Amino acid sequence: MLKMRGVEVSYGKICALHGVDLEIRSGEIVTLIGANGAGKSTLLMAISGLARPIQGCIEFLGEEIQALPPNRIVERGISQVPEGRRIFPQLTVRENLELGAFCRHDPQGVRDDLAYVFSLFPILASRSQQLGGTLSGGEQQMLAISRALMARPSLLLLDEPSLGLAPIVIRQIFSIIQKINQEHKTTVFLVEQNANLALKVASRGYVLENGRVTMTDSADNLLRHEGVRQAYLGV
Amino acid sequence: MEYFLELFFSGLTRGSIYALIALGYTMVYGIIGLINFAHGEIYMIGAFTALICATVLTIWGLPPLAVLGLSAFAAIIWSAAYGLTVERIAYRPLRHAPRLSPLISAIGMSIFLQNYVLLAQTADFVSFPALIPDFAWLEPYRSIIGSSDLVILLTTAVVMLLLTILIKGTKIGRAMRATAQDREMALLLGIDVNLVISVTFVIGSALAAIGGVLIASHIGQINFAIGFLAGIKAFTAAVLGGIGSVPGAVLGSLLLGWTESFATGYISSDYEDVFAFALLVLILIFRPSGILGRHHNQKV
């Protein structure tokens, strides 16, 4: 579904990604783990078209997308929930959701999807007229995921969805992520620092170190791998 | 009391014109964080377009209200085209440059447009036809409010209402508010930010053009430099209300209009600008972000 080959991204003189190769197949949950500053968010921004690769190519459904503007990439079916949730604080919950469907032109489908995300997260329905900035961290994460789903993506990119949330909320959000993947066949690319959690829901994983993919394997093998356990699982 | 009411309405009229211009400053600032110093010139170009159009249409023998309407329409289209073009050639290429660069580019654009109109037209004041007819039924109240004041107030009220509907109730309005709050996130949602910025410039320029036509008809003369002082005053009003805030721009404009009007009426017209800018200094001392300005909370 998504293939990255030799992708290099740099900010000025600082090189953030050095030739990343990566593949995500349709219907999978794939995770990318790595330390702070390894280049995980940059990699997602490169897929979404907000960080331009200076070399390499990104292929989505057989077509190269690395030179497309961000709105064309969303239209092709890639949505991202960025790190820190990035809710529009001065817009209501409902307006935030409606903006998620900005690129769509099927009002009936948008209404159906609004009902669908309200069924996934009923709390959002009861808070739909509240300003986004008044929600708690967990509710904001639910809103951010729902907003991304409103574009009806075939590939959902999630950047650190567990960051700063209580364990019970994290469990709830991860079970919803699995549900979306199973019910809608939405492919999920999950970037996490909480490697233990991420590898439990994912089928495969990549390890990113200093802008390079240093390891890739099935999630189970990575969970058992001595180096990964020491570096990322804290055991 | 009658004198007070007269000053009240003349301040309200002034404030309405400031508001029409100030909205362009505040909306552009809200979305791209730029003080568009060429905005006053867009207003001046609107007034000149209306003058040329009104002259031709009057020769054709159309009734004054039709002339006013058509000239205003032409001014809106022409000014919007200028606003759009200025953004394309002077600001968009500098989108990722340091903040000072587009600011200097804006000042350059302002000087360029003033001199272009100076050369294309004339350096002298030219008289602008009184397009707003005197309403007979307003005669008993003539000492308090004139018919052009009334037309300015009503037009401004309708325009503000339409603007509010656009910003609050439409898809592009939502996209504008989203872009103002978090441009990168707006991009991630597939919002065409360049389009949103263009629309903002078009709306701001159209509002300025309406202000230009109304004030030119009210005062009766224009020249190439009217955009400068009007622009500075409207900018002051926008800062007073809290730059970036749409209701703030309207509130700041009305306050400024009343301050000038009452200072002129009760003290002396020599002190009009002194009071206007003293008000700005006072507000900025006690509320640096303006009356309705957003506080810049640092996100954790």
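In region A:43-175, carbon and sulfur make up what percent of the accessible area (probe 1.4 Å)? Whole-percent figure for carbon plus sulfur exposure: 53. Bridge orientation summary for the protein assembly as shown: considering DSSP beta bridges with both residues in this region, about 55 percent are antiparallel. Along the axis of the charge dipole computed for the protein assembly as shown (Cβ charges of +1 for Lys and Arg, -1 for Asp and Glu, origin at the Cα centre), the listed residues A:PRO89, B:LEU195, B:ILE89 are led at the positive end by A:PRO89. Per-residue ellipticity at 222 nm, computed for the protein assembly as shown from helices alone with -39500 (n - 2.57) per DSSP H run of at least four residues, works out to -18000 deg cm²/dmol. Shape analysis of region B:107-232 places it in the oblate category; the axes a ≥ b ≥ c from the Cα gyration tensor give an a/c of at least 1.5, with a/b not above b/c. Of the residues B:TRP258, B:TRP137, the one with the largest accessible area comes first in the ranking B:TRP137, B:TRP258, computed with a 1.4 Å probe on protein heavy atoms. Rounded to the nearest whole Hz, the Karplus-based 3J(HN,Hα) values (6.51 cos²θ - 1.76 cosθ + 1.60, θ = phi - 60°) of region A:41-54 follow the sequence 5, 4, 4, 5, 5, 5, 5, 6, x, 9, 10, 8, x, 8, with x at glycine and proline.
With viscosity set to 1.306 mPa s at 10 °C, what whole-number translational diffusion coefficient in µm²/s follows for region B:75-134 from Stokes-Einstein and a Kirkwood radius over Cα pairs?
115
The equivalent ellipsoid of the protein assembly as shown has semi-axes of 54, 23, 21 Å, largest first, where each one is the square root of 5 times an eigenvalue of the Cα gyration tensor.
Across region A:2-233, Cα-Cα pairs more than 29 Å apart make up 25 percent of the total.
List the DSSP H helices in chain B whose Cα atoms stretch 18 Å or more along the helix axis and whose mean Kyte-Doolittle hydropathy is at least 0.5. Those that clear 18 Å and a mean of 0.5 are B:2-32, B:39-60, B:64-86, B:100-120, B:147-169, B:193-219, B:226-241, B:246-262, B:272-286. Ordering A:GLY34, A:PRO107, A:SER10 by the projection of their Cα atoms onto the charge dipole of the protein assembly as shown, which places +1 on the Cβ of Lys and Arg and -1 on the Cβ of Asp and Glu, puts A:GLY34 at the extreme positive end.
To the nearest 100 Å², how much accessible surface do chains B and A cover up together, summed over both, with a 1.4 Å probe?
2000
Of the listed residues B:SER198, A:SER26, A:SER175, the order by accessible area with a 1.4 Å probe, largest first, is A:SER26, A:SER175, B:SER198.
Over chain B, the fraction of Cα-Cα pairs per 10 Å bin, rounded to whole percents and listed from the shortest bin up, is 7, 27, 35, 23, 7, 1, 0.
By the gyration tensor of its Cα atoms, with a ≥ b ≥ c the square roots of the eigenvalues, what is the shape of region B:1-95: rounded for a/c under 1.5, prolate for a/b over b/c, or oblate? Note, shape of region B:1-95 comes out oblate.
Take the Cα coordinates of region B:40-178, assign each an equal point scatterer, and use the Debye formula without solvent to give log10 I(q)/I(0) at q = 0.10 Å⁻¹. Cα-only, vacuum Debye calculation for region B:40-178: -0.51. In this Cβ point-charge picture (+1 for Lys and Arg, -1 for Asp and Glu), the protein assembly as shown has a dipole of about 1280 debye about its Cα centre. For region A:2-233, the share of DSSP beta bridges that are antiparallel, to the nearest 5, is 55%. For region A:98-103, backbone phi angles converted through the Karplus equation (6.51, -1.76, 1.60; θ = phi - 60°) give residue-by-residue couplings of 4, 5, x, 9, 4, 7 Hz, Gly and Pro being listed as x.
Assign one of three labels to region A:1-85, namely rounded, prolate or oblate, based on the Cα gyration tensor with a ≥ b ≥ c the square roots of its eigenvalues; rounded applies when a/c is under 1.5, prolate when it is not and a/b is larger than b/c, and oblate otherwise. Rounded, since a/c falls under 1.5. A simple spin-label model places the labels of B:TRP60 and B:GLN121 2.1 nm from each other, with each point 7 Å out along Cα-to-Cβ.
For the full complex of protein chains and a 1.4 angstrom probe, list A:ARG72, B:ARG92, A:ARG111 by accessible area with the highest value first.
Result of the area sort, largest leading: A:ARG111, A:ARG72, B:ARG92.
The values are calculated or read from the model by the stated rules, or taken from the named source; none is laboratory data. Source: prediction; values computed, not measured. Backbone-built Cβ (ideal geometry, glycine too); neighbour counts: all protein chains shown. Quick note on the areas: whole protein, heavy atoms, side chains included, nothing else; ligands and nucleic acids left out. Shrake-Rupley method; radii C 1.70, N 1.55, O 1.52, S 1.80 Å.
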